[in-house]
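Single-structure report; data block below.
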Amino acid sequence: MWKKPLQHAVTVMTLALLASCSSMSDITPGTSLNHVTESFGAPNSQCVDDGQRLATWSTQPMGQYAWTAELSEDDSVVVMRQMLTDAEFERLNEGYWPPERVHCWFGPPAKIETVPLRGVPMKTWSYRYRQGGAFNGMMTVYFNDNDEVVHHHPGPDPFDAADGLFPFLN
């Protein structure tokens, strides 16, 4: 007897919940940092880069997104960017990028290790992301002995490579 009203209530609550869902991409300029924090939790990092105040929310190590808000003096969002994209990684080609600056803009990496680049062992930070907006990729960023980015390149996410189709990678 009360089964239909209960089903109706659950359906209405589910639709209301889905309608209230938003993503970081929905954050508009002028939104207060407090409002963003209430909606999405505390940022993984907050820092200042060349006078620009930044707050970053990351889904690393397993996710593929990191959202960085450039903040005004009154703690409102000037712009919100999804940083783990091919276009945003191109920033690494310009200027000096020590690990602190990379962390400031892109958030924490999914993996830190030392691997060779042209035969020279280098510290690397790797970020999971949607390469080309479509493929599960991993962007690897190389740091030299002076702790500055010297190279970065995309590749397949090793978790996808180890999906059983390529047993030699397991």
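Every read-out reported here was derived from the displayed coordinates using simple, explicitly stated rules and does not represent laboratory data. Because the structure is predicted, anything quoted here is derived from the model rather than measured. All Cβ positions, glycine included, derive from the backbone under ideal geometry; neighbour counts span all protein chains shown.
Structure values in brief
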{"quantity": "Residues in segment 24-61 that a label on Glu94 would reach, taking backbone N under 19 Å of a point 7 Å out along Cα→Cβ", "calculated": "49-54"}
{"quantity": "Contact order relative to length of segment 25-169, as percent, for alpha carbon pairs under 8 angstrom and 6 or more apart", "calculated": "18 percent"}
{"quantity": "At q = 0.17 Å⁻¹, base-10 log of I(q)/I(0) for segment 25-169 (Debye sum, equal scatterers on each alpha carbon)", "calculated": "-0.96"}
{"quantity": "Relative exposure of Phe143, Phe40, judged by other C-beta atoms within 10 Å (fewest first)", "calculated": "Phe40, Phe143"}
{"quantity": "Cβ-derived FRET efficiency at R0 35 Å, Leu117 paired with Thr31, nearest 0.05", "calculated": "0.30"}
{"quantity": "Loop sites in segment 28-104: GluC sites (Glu not before Pro), DSSP, at most 14 other Cβ within 10 Å", "calculated": "Glu73, Glu94"}
